[in-house]
Amino acid sequence: MRTSSVQLATRQISSTYRTHAQQVKGYHEVSYLEKGEPLNVLQLSTHDDAKTSPFSMDWSALPSTSWVCVEMKAVPWNPADMNSVQGTYASPYDSVEAAEASAVLSQSHFSPKRTVAGSSGIGVVSEMTASKDNRFAVGDWVTVAQPGLGTMRSSVWAPASSWLKISRGSELFEKHGDGISTIFQLGGTALRMLRDFQVLRPGDCVIQNAGNSGVGWMASQLAAAHDVSMVSLVRRGTRSAESFNTLVDHLKTKGRNTRVIAEEDLCDQASMQDFRRELQLVSHRPRVLALNAVGGDSAGKLVKLLDRHGTLVTYGGMSMKPLSISAGHLIFQDIKVVGYWNSRWMLQHSLSQQQAMTDELVDLVLSKEIVGPPVRVFPLSDFQQGIKNDLQQGKETIRNKVVFDVAISGHQKSIV
């Protein structure tokens, strides 16, 4: 596991890191002192002058350690980021020491007691320490490989093992803008769930709830790119018939879903049986994989749509309710219920495996097989409005992923 090397390096420099405030020209960050609701506890801090670096020390003391400074460009706001600030998101690190070492990397440059928010994003390498690690060069585009870096800031110093290179990154950014930042965490989560729990073949059919979420959007496109059909359950909620039809059309045409149905329409045994027969027209093969981000009764509906020996993969619990699954499906249908946590996968797999997945996602974007979800971009200086917008997404016909442009000023923009 890579955490041991990161742990050693960060613990060795932690005293220096804690006693120097970064005063790089134009530096800014969004951080918090105490856990709580993001709108209440997050604070934007800036510094205009360049005086000293938090890493002004004798680097020869760490001859085997390579450090990379990345100027962050775009940072998505994810449910995990919300939950981390609230204090409800667990640490993926297996030991207290590793968790403490990771916490050092996410410390504010203004106060060691503050934590910088953000867990993903893309940026450009601006500086490196001398080392034998030749994976990076100044000007390379990178994304995050180390959970818990604290990315909502203008620049991040971290071990080289904390970053993954984005091949042709400047081309991707030129074509897709800040929205490209959503591809790697959302796409990685979706790709792993489609690949690691069942063997899917062209012509198979996968079912999911939260089809209009970021991961749901990526999962449907990745499935289509491999000739697998995706059927999505989406809550109609308070949407009008016209609004819901607009959403369905959007998810089918741009999201590449094969079929989209309102969860509320699957309200009893008869409607479930009718829909199972309808799914036979999508694929005659057994349905062996379902992706669950909601929990509660929604998870139970997915299980009822699976065939024998199927697997329900849970990666979220938006309903905040326990999974409603009957014992009969587990006993007589041999349904397996498992969980997936992308942060844990990143820590348990090598950099070469992570890099291979990143390269695969880049290739799929460049070949136009997949595209990131619609995004709404806010300048980091307007982070509160961005978070408010994210909280209101349930009222929108089409969800937009909130992304922060790490430039200190700017105007809100949408990319569809």
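Assorted remarks:
- Qualifying residue in segment 91-99 (condition: crowded, with 16+ Cβ neighbours inside 10 Å, modelled with pLDDT under 85 and either assigned by TED's automatic domain parsing to the domain that holds residue 372 or part of a loop (DSSP other than H, G, I, E, B) (or both)): no
- Exactly one residue among 403, 377, 338, 365 is of a type in the set (A, V, I, L, M, F, W, C), in contact (Cβ under 8 Å) with a residue 40 or more places away in the chain, within 30 Å of residue 300 (Cα to Cα) and not in a loop (DSSP other than H, G, I, E, B), and that residue is 338.
- Flag for residue 218 being in a helix (DSSP H, G or I), among the aliphatic types (A, V, I, L, M), within 11 Å of residue 372 (Cα to Cα) and not assigned by TED's automatic domain parsing to the domain that holds residue 80: yes
- Close pairs (6 angstrom Cβ cut-off, 6 or more residues apart or separate chains): in contact (Cβ under 8 Å) with a residue 12 or more places away in the chain and at negative phi in segment 134-153, of a type in the set (Asp, Glu) and surrounded by 18 or more Cβ atoms within 10 Å (Cβ to Cβ) anywhere: 153/29
- Qualifying residue in segment 116-134 (condition: touching a Lys or Arg at 6+ places or on another chain (Cβ under 9 Å), outside any strand (DSSP E or B) and of a type in the set (Lys, Arg)): no
- Sole residue being among the hydroxyl-bearing types (Ser, Thr, Tyr) and either part of a helix (DSSP H, G or I) or free of Cβ contacts under 8 Å to residues at least 24 places away in the same chain (or both), chosen from 343, 324: 343
- Index of the failed condition, residue 387 passing every other in (1) closer than 15 Å to residue 173 by Cα; (2) touching a Phe, Trp or Tyr at 6+ places or on another chain (Cβ under 7 Å); (3) of a type outside the set (Gly, Ala, Ser): (1)
- Residue that is surrounded by the fewest Cβ atoms within 10 Å (Cβ to Cβ) [pool: residues in segment 126-159 that are more than 18 Å from residue 403 (Cβ to Cβ) and charged (D, E, K, R)]: 132
- Near pairs, Cβ below 8 angstrom, 6+ apart or cross-chain, from segment 226-243 (in a loop (DSSP other than H, G, I, E, B)) to any residue that is β-branched (Val, Ile, Thr) and modelled with pLDDT of 95 or more: 228/206
- Test result for residue 316, closer than 28 Å to residue 252 by Cβ and touching a Pro at 6+ places or on another chain (Cβ under 8 Å): yes
- Residues in segment 148-187 that are over 17 Å from residue 351 (Cβ atoms), assigned to a helix (DSSP H, G or I) and within 15 Å of the chain's Cα centre (by Cα): 178, 179, 180, 181, 182, 183, 186, 187.
- Candidates 312, 302, filtered to the one that is surrounded by 17 or more Cβ atoms within 10 Å (Cβ to Cβ) and either in contact with a helix residue (DSSP H, G or I) (Cβ under 8 Å, 6 or more places away or on another chain) or assigned to a loop (DSSP other than H, G, I, E, B) (or both): 312
- Checking 287, 277 one by one, the residue that is among the basic types (Lys, Arg), at negative phi and crowded, with 16+ Cβ neighbours inside 10 Å is 287 and no other.
- Qualifying residues in segment 188-214 (those that are β-branched (Val, Ile, Thr) and not in a helix (DSSP H, G or I)) - the one farthest from residue 297 (Cα to Cα): 199
- Of everything in segment 135-147 that is aliphatic (A, V, I, L, M) and in a loop (DSSP other than H, G, I, E, B), the residue that is nearest to the chain's Cα centre (by Cα) is 145.
- In the set (1) surrounded by fewer than 19 Cβ atoms within 10 Å (Cβ to Cβ); (2) on the phi > 0 side of the Ramachandran plot; (3) not basic (Lys, Arg), residue 83 fails one condition alone, (2).
- Identity of the residue in segment 241-268, in contact with a strand residue (DSSP E or B) (Cβ under 7 Å, 6 or more places away or on another chain) and among the β-branched types (Val, Ile, Thr), that ends up nearest to residue 283 (Cα to Cα): 258
The values are calculated or read from the model by the stated rules, or taken from the named source; none is laboratory data. Just so we're clear, the structure is a prediction, and the values are computed from it rather than from any experiment. With ideal geometry, Cβ positions are generated from the backbone for all residues, glycine too; neighbour counts draw on all protein chains shown.
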